[in-house]
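**Q** Below: one structure in structure tokens.
Nothing in this text is a laboratory measurement; each read-out follows from the coordinates by a stated rule. What you see is a predicted model; the values in this text were computed from it and never measured. Ideal geometry is used to build each Cβ from the backbone, glycine not excepted, and the neighbour counts take in all protein chains shown.
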Amino acid sequence: MTDGSLHLYTALTVPPEWSESIDTTDPAAAKAAVLAHFADGNPSLRVLVADADGLLVPRAIHALPAGHRWDRVPGVTLLGDAPHLMSLFAGEGADLAMLDGAEPGRALAAHPGDTEAALTAYEQALFPRSQAAAAMSAANLQTRFRADAPQGLLDQFVARHQAA
Ligand SMILES: Cc1cc2nc3c(=O)[nH]c(=O)nc-3n(C[C@H](O)[C@H](O)[C@H](O)COP(=O)(O)OP(=O)(O)OC[C@H]3O[C@@H](n4cnc5c(N)ncnc54)[C@H](O)[C@@H]3O)c2cc1C
């Protein structure tokens, strides 16, 4: 981070009540609760949690369904995570948000005096673009949390290396 600190994320498949059951004001107890999920984990990775200085901040991963869309509502549209919130496993949310921010301007310039035509054109491109990334994100989410994880990720690395 810009202050020189290092933030570590670790992800778990747990019921929503799990994070509510953790006393995040008690760093030792919170770390123990996380590390319990990595009892057989490599010590060099476990220590990243065990020796962390900061407080644990539980955050749920939310996602809209891939292919989420809506009928035109005159005078308004959505961009960024609002229309296509997805898990972080596509690594494209910020890229899409910036593209979404630029595309309405391009559409308005291409349809002078016709805001509705511009927003319709923007949404017609937005929906398939978002669906593709959201589908990849949803598939990657499944892969990352498969029972044999991280095998699925390793398989992806090998497949992409062989395709290159
Ligand atoms: C852990 C993690 C890792 C990620 N890694 C990547 C990555 O590697 N690559 C990538 O491309 N994307 C990544 N993303 C996704 C990316 O961060 C988001 O897709 C992107 O930030 C969405 O931008 P946004 O402007 O739509 O929304 P946000 O960045 O969420 O911005 C919305 C803003 O609105 C503000 N706000 C909310 N409500 C109100 C209100 N009522 N009034 C005023 N302001 C309000 C919020 O405080 C926030 O600042 C990651 C996300 C997470 C959580």
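**Q** Using a 7 Å offset from the Cα along the Cα-to-Cβ direction at both MET98 and VAL47, what is the distance between the two label points in nm, to one decimal?
**A** 3.6 nm
**Q** Hey, another quick one. With 24 Å as the cut-off, how large is the P(r) tail for the stretch 1-125, expressed as percent of Cα-Cα pairs?
**A** Every Cα pair in the stretch 1-125 considered, those over 24 Å come to 51 percent.
**Q** Once you order the gyration tensor axes a ≥ b ≥ c over the Cα atoms, which shape class does the stretch 1-60 get: rounded for a/c under 1.5, otherwise prolate or oblate by comparing a/b with b/c?
**A** Cα axes put the stretch 1-60 in the oblate bin.
**Q** Treat every Asp and Glu Cβ in the stretch 81-163 as -1 and every Lys and Arg Cβ as +1, leave all other atoms uncharged, and give the resulting dipole magnitude about the Cα centre to the nearest 20 debye.
**A** 340 debye
**Q** Compute the length gained on full extension between SER5 and VAL73: take 0.36 nm times their separation in residues and subtract their Cα-Cα distance, giving the result in nm to one decimal.
**A** Roughly 20.1 nm would be gained on extension.
**Q** Additional query: Roughly how many nanometres apart are two label points built 7 Å out from the Cα toward the Cβ at THR13 and ASP114?
**A** Between THR13 and ASP114, the label points sit 4.9 nm apart.
**Q** Along its three principal axes, how long is the stretch 81-163 when you only count alpha carbons? Whole Å, largest extent first please.
**A** Computed over the Cα atoms, the extents are 55, 26, 17 Å.
**Q** Can you compute 3J(HN,Hα) from phi for each residue in the stretch 130-141, using the Karplus curve 6.51 cos²θ - 1.76 cosθ + 1.60 with θ = phi - 60°, rounded to whole Hz and x for Gly and Pro?
**A** 5, 4, 4, 5, 5, 5, 5, 4, 5, 5, 5, 4
**Q** Test of the criteria: in the stretch 45-138, which trypsin sites (Lys or Arg not before Pro) are in a DSSP loop and have at most 16 other Cβ atoms within 10 angstrom of their Cβ?
**A** ARG59, ARG69, ARG72
**Q** Please report the relative contact order for the chain, taking Cα pairs under 8 Å with a sequence separation of at least 6, and give it as a percent rounded to a whole number.
**A** Computed value for the chain: 19 percent relative contact order.
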